[in-house]
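Colleague: Below is the structure I would like to discuss, written out as structure tokens.
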There are 2 protein chains.
Amino acid sequence: MAAPTPTRPRRRGHDPESVLSIAVHVFNERGYDGTSMEDLARALGVTKSAIYYHVPGKEQLLGRALDRALDGLFAMVADERAAAGPAIERLEWVVRQSVRILVDRLPYVTLLLRVRGNSVTEQAALERRREFDRFISRLVKEAAADGSLRPDVDPALVTRLLFGTVNSIAEWYEPARGNASPDDLADALLKMAFNGLRSRPAAQG
Amino acid sequence: MAAPTPTRPRRRGHDPESVLSIAVHVFNERGYDGTSMEDLARALGVTKSAIYYHVPGKEQLLGRALDRALDGLFAMVADERAAAGPAIERLEWVVRQSVRILVDRLPYVTLLLRVRGNSVTEQAALERRREFDRFISRLVKEAAADGSLRPDVDPALVTRLLFGTVNSIAEWYEPARGNASPDDLADALLKMAFNGLRSRPAAQG
DNA sequence: TTGTCAACTGACCGAATGTTCGGTAAACAC
DNA sequence: GTGTTTACCGAACATTCGGTCAGTTGACAA
């Protein structure tokens, strides 16, 4: 006889996961505060009250989304490749991985980048984000200290410009369209930020 | 006898200008949709209804703010220095001016960069912004076409990364604090974007 | 056929929203 | 003083908000 299906087949309708991903999509379109539960219901094809069967409420939806973004970033900085080797190489690796995470988890990271701290949920996310930023900041300072970065620009400023560039990808990137792959994107970004846009008469090796 | 003061002394209280600047400040703190008229009233030190004596409503407040940002940007692209000379030099000038405008009109530009198109006011601002972006895009393409930019990165991508970097300044710049001046900021940004962060054994001229 | 239960509806709640309006106190003009 | 204007208050407005809850539906098991 057939074994009782171990994970229930979820024969139709939504589950917490599908609600989250659709909700985050709408949050990014209209902004979290600009999105009503009615808007979400419409996007899900159900009534408002059905949402509460799957998730506890609007703010928890936001919290779960922000955690997805932050968990990805913290998993990266915990990797040994962010801790061992020359600072400049670790920095390049972290930039490349940041681009990858941003693209892989685009809607979640986009949401994170727009958080202003209007609730405890947002404040908690902001605090985790600041911790990530401090890690990056330290890494840039190390690279500057060992002479790998040009000495005429303040490392704190480099950190902001470099990761400002990375984060700005969230403003326009659409994976479906004919956009560059995450790797090509990271290549272009690293070329610009580390070697410069200007064409050179004869390049170094 | 004293001539009747030509511009009324506005003996006390607010005027449309002070309401706008304080409102925009609060909009940037909490987001436009996250800001209630009650929030604005509190920041202004009056009741909600007093606001309507000075301005027609919340959305018009937003509209006026967005126009301040956009007018600044369009005044720049109308300048002859954006139209004459080698493309690469015009591009550098436009980047530098963009940084200056962003800093000069920081709260207004910040607000503009967060608009998502939730109302006709926002949609109109988005359309004007897209027109500005098209101008920039053309300029980068010209610089690429005449060989001033490295040929191994798509000009459309360069546009997004370069102005993504510029716009990201709005996320952290605080003029009051010990931040760099607009000029120093533009210098650092141009050094990174055009010449690269990497220190070089021997520099070119 | 009966019962169970996941998934949902529709009516509703209190609170908050942007906005309006009648009134009013202080400053000024004469 | 008398009248007018400026800048505001307080109460109320209709609407929308996030959220609750009793009930219904339809797939499945026994």
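Every number here is computed from the coordinates shown, using simple stated rules; none is lab data. Keep in mind that what you see is a predicted model, and the values were worked out from it rather than measured. Note that each Cβ is placed from the backbone with ideal geometry, even for glycine, and that neighbours are counted across all protein chains shown.
Colleague: Under a no-solvent Debye model with one identical scatterer per Cα of region B:65-195, what's log10 I(q)/I(0) at q = 0.15, 0.21 Å⁻¹?
Modeller: Listed by q, the Debye log ratios stand at -0.72, -1.33.
Colleague: May I pose another question? Given a cut-off of under 8 Å on Cα pairs at least six residues apart, what relative contact order in percent is computed for region B:35-169?
Modeller: Result for region B:35-169 is 24 percent.
Colleague: Taking the Cα-to-Cβ direction at B:E38 and at A:A145 and moving 7 Å from each Cα, how far apart do the two end points lie in nm?
Modeller: Once both label points are built, they end up 5.0 nm from each other.
Colleague: Can I ask one more? Please report B:H25, A:H54 as a ranked list, fewest other C-beta atoms within 10 angstrom at the top and most at the bottom.
Modeller: The most exposed by this proxy come first: B:H25, A:H54.
Colleague: Just to be sure I understand the model, the point goes 7 Å from the Cα along the line to the Cβ. What's the resulting B:V77 to B:S18 distance in nm?
Modeller: 3.6
Colleague: Order by neighbour count: A:L61, B:L40, fewest other Cβ atoms within 10 Å first, most last.
Modeller: B:L40, A:L61
Colleague: Hey, another quick one. So if we plug the beta-carbon distance of B:E59 and A:A50 into 1/(1 + (r/R0)^6) with R0 = 30 Å, what FRET efficiency do we get, rounded to 0.05? The partial results should precede the final answer.
Modeller: Values: r = 32 Å, r/R0 = 1.06.
The computed FRET efficiency comes out at 0.40.
Colleague: Take the residue pairs A:K58/B:K48; A:K191/B:K141; A:K141/B:K141; A:K48/B:K58 and return only those whose Cα atoms are more than 25 Å apart.
Modeller: On the way: A:K58/B:K48 27 Å; A:K191/B:K141 18 Å; A:K141/B:K141 35 Å; A:K48/B:K58 27 Å.
Over 25 Å Cα-Cα: A:K58/B:K48; A:K141/B:K141; A:K48/B:K58.
Colleague: Mind checking the dipole of region A:13-55: about its Cα centre, +1 per Lys or Arg Cβ, -1 per Asp or Glu Cβ, Debye to the nearest 20?
Modeller: 100
Colleague: For region B:92-128 and region A:70-115, compute the distance between their C-alpha centroids and round to whole Å.
Modeller: Centre-to-centre distance over Cα atoms comes out at 28 Å.
Colleague: Now for a separate question. Per-residue ellipticity at 222 nm for the protein assembly as shown, helices alone: DSSP H runs ≥ 4 residues times -39500 (n - 2.57), over residue total, nearest 500 deg cm²/dmol?
Modeller: It comes out at -19500 deg cm²/dmol, rounded to the nearest 500.
Colleague: Can you give me the C-alpha center-to-center distance between region A:8-69 and region A:147-205, rounded to a whole angstrom?
Modeller: With region A:8-69 and region A:147-205 each reduced to a Cα centre, they are spaced 34 Å.
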